[in-house]
Structure formats: C-alpha cells, structure tokens
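Notes follow once the structure below has been shown.
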Amino acid sequence: MLLDCGEGVQRQVLAHGVGLNKEMSILITHLHGDHVTGLLGLLQTMSMAQRRRPLHIIGPSKLADWLKVTSTLLNIGLTFPVDFSPARPGTILRTPDFRVRATRALHSVEAYCYVVEEPGRPGIFYPQRARSAGVPEGKLWSRLQRGKKVEVDGRTVAPSEVTGPPRPGRKIGYSGDTRPSPRLARFFSGCDLLIFDSTFHGKDGDKAVERKHSTCVEAAEVAKSARVRRLALTHFSARYTNVGSLVKQARSVFPPTIAARDGLTVDVPYPDS
Ligand SMILES: [Zn+2]
Ligand SMILES: [Zn+2]
C-alpha cells in the first residue's frame, strides 16, 4: 500500500526492497506535485521489471486524465493493467485483506483522507473446548476457526462455543494535506496508526490556516479526540531544520507521537494485543 507518490519514491522503493511485482494499491490524496510526481516513474520502473499483476490506483478523478495524457505523450506502454478507482467519500476498495475508505480533506484543491482497515478476525480458538464439545481434531476445527458452524453426531457446534470473542483488525489513517476538523477526527476514530499533516510548528498557526495545512499541535489534537493509538507526524515544512521541537510540542497534547522519516519502520500491533 503506497500512500501518495512524491518525487523520489521509486528510489526509496528500490532502496527498501519493496517488490515491484507484488500486489499493490496506490492511494493518491491530491494532485499537488509533492504527492504525485513520482507516480509515472514508478509505473515505468514496474514495467521495466515486467510487472504483470494489476495495480490498483485510487485518487481524484483528474489523476486518471493526467496519467493518460502523460503516458500517451511520452509513449509509455505498461506491461500490466491499472485498475483506477476515483476517490469519493465512502468505501472505495474492498479486498479480502482490507478495505479503503475516503473522506474529503480540507485543502486548497480537491483532496482526500484515507483509512485502510483490515476485516475483523475470528476469536482465539480453544482446542480444549472443541474437544469437550466432542469435535474431533482436523477439518472441523479449521471450519470452527474460520467462524463456521459444524455438525457432530447430529448436534450443531457454534464457533462461539469454542472460540473467544471476535478480534478487531488493524486500522491505519492517512490525512494527506489538510486543515484539522472534528469531522476528520471522527473519520480517523480508533486508528491504530494515524499519519497526519504536520507542516507547521504551533507558533506558525497563521501560515497553516493560510496554506490549508495543519500544525503539529493540531495533528495531536485530532489524534487525541480520535482516540488513536499512535500518531506519526509527516509533511514537515523545509523551514524546520530539526523537527524535534514539533514532536515535543505535539507530545504535550498527545504523548504517543513520533516523527515520520525516510526508511522508518513502524510496527502496528493488533488492537487487542
Ligand atoms: Zn497539497
Ligand atoms: Zn503536500
């Protein structure tokens, strides 16, 4: 899952060993250069690597026009199909592994925020309970583990008899460029990881309003009211040579805050772990 594709992304993709032929979805928040200029190069590199698998791209509808025009002008033929879904508020993509929902961001052009959610998982399976219920080990156990009822000696055993309560999947939120708002806090409610616009320091709040971005404090306030587990600040203005003070300020509002940086790996545990 690639969230936006600024210049230099393909270099990072190669540097961090992200497979070019893997199942992948690319979510583009809006058509500002720092979010989209790397896309064409990445698609070309995928073609050079003989990618065959379809690639999902979600973004504002004009993104499809931009891709079409530039690839026609530059004579770029891709070795794989692109499934493009125009972004709009609501659920945009549903696969067995995750779904993608969007809402409008508050930025200077048409822009979207996204959440990527895993489906809930069945509860923990207790072999002892299955044995006591007379279910022999084997196929019937795996049916129960998948949340299906089974028949044993004319009696029905429900998954709830042998498993714990269903467990929620993980949820990751990504703001793109936006002003904060209570509506966005509701949209990001309960995220295990929220990646949020933190272009400005709290002391530069007037610039954040003017340029339709957020400050580190505003990002932290959204994270706090959305009751997320962890906040990653991103999209820092180049005016700040050291983002440490932005993180510090955000932590005074929402302690579990980190700064995103190139190559950072973040472990996202399941909500119940
Ligand atoms: Zn922007
Ligand atoms: Zn931007």
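The values are calculated or read from the model by the stated rules, or taken from the named source; none is laboratory data. Treat the numbers as computed from the prediction; the structure is a model and nothing was measured. Positions of Cβ are generated from backbone atoms using ideal geometry, with glycine treated the same way; all protein chains shown enter the neighbour counts. Each accessible area value is taken on the protein alone, full model and side chains, heavy atoms only, with ligands, DNA and RNA left out. Shrake-Rupley method; radii C 1.70, N 1.55, O 1.52, S 1.80 Å.
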Pairs only if they're at least six apart or on different chains, beta carbon under 6 angstrom, first in region 229-251 and farther than 13 Å from THR199 by Cα, second acidic (Asp, Glu) and assigned to a loop (DSSP other than H, G, I, E, B); list them, first residue then second.
ARG229/ASP192
Pick from region 54-78, criterion at pLDDT 95 or above and not in a helix (DSSP H, G or I), ranking: farthest from LEU27 (Cα to Cα)
PRO54
Cβ-Cβ distance below 6 Å, separation of 6 or more or different chains: which pairs start in region 175-190 with a residue that is within 16 Å of ligand 1 (Cβ to nearest atom) and end on one that is hydroxyl-bearing (Ser, Thr, Tyr)?
GLY176/THR29; PRO180/SER214
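Can you say whether GLU210 is more than 16 Å from ligand 1 (Cβ to nearest atom), in a helix (DSSP H, G or I) and open to solvent by 20 Å² or more (accessible area, probe 1.4 Å), as far as the supplied structure shows?
On the way: more than 16 Å from ligand 1 (Cβ to nearest atom): no; in a helix (DSSP H, G or I): yes; open to solvent by 20 Å² or more (accessible area, probe 1.4 Å): yes.
Answer is no for this residue.
Could you tell me how many of the residues in region 12-32 are at pLDDT 95 or above and either within 16 Å of ligand 1 (Cβ to nearest atom) or surrounded by fewer than 16 Cβ atoms within 10 Å (Cβ to Cβ) (or both)? Working first, answer last.
Initial filter on region 12-32 (at pLDDT 95 or above): 25-32.
From the residues that got through so far, the ones that are either within 16 Å of ligand 1 (Cβ to nearest atom) or surrounded by fewer than 16 Cβ atoms within 10 Å (Cβ to Cβ) (or both) too are 27-32.
Qualifying residue count, region 12-32: 6.
Residues of region 1-39 being part of a loop (DSSP other than H, G, I, E, B), within 15 Å of ligand 2 (Cβ to nearest atom) and touching a strand residue (DSSP E or B) at 6+ places or on another chain (Cβ under 9 Å), which ones? Show your work before the answer.
Taking region 1-39 first, the residues part of a loop (DSSP other than H, G, I, E, B) are 1, 4-8, 16-24, 28-29, 31-32, 37-38.
Next cut, within 15 Å of ligand 2 (Cβ to nearest atom) only: 4-8, 28-29, 31-32, 37-38.
Listed by number, the residues that qualify are ASP4, CYS5, ILE28, THR29, LEU31, HIS32.
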I'm told THR70 meets every condition in (1) under 21 Å from the mean Cα position of the chain (by Cα); (2) polar (S, T, N, Q); (3) away from ligand 2 (no atom under 16 Å from the Cβ); (4) open to solvent by less than 60 Å² (accessible area, probe 1.4 Å) except one. Can you identify the failing condition by its number?
(1)
I want to confirm something. Restricting to region 189-203 and keeping residues that are open to solvent by 20 Å² or more (accessible area, probe 1.4 Å) and not hydrophobic (A, V, I, L, M, F, W, C), which single residue is nearest to HIS32 (Cα to Cα)?
HIS201
Only one of (1) more than 16 Å from ligand 1 (Cβ to nearest atom); (2) more than 16 Å from LEU106 (Cβ to Cβ); (3) at pLDDT 95 or above is not met by ALA226, so which one is it?
(2)
Among all residue pairs at least 6 apart or on different chains, which show Cβ distances below 9 Å where the first residue, located in region 98-127, is over 16 Å from GLY190 (Cα atoms) and the second is small (Gly, Ala, Ser) and open to solvent by 50 Å² or more (accessible area, probe 1.4 Å)?
GLU110/SER61; GLY123/SER160
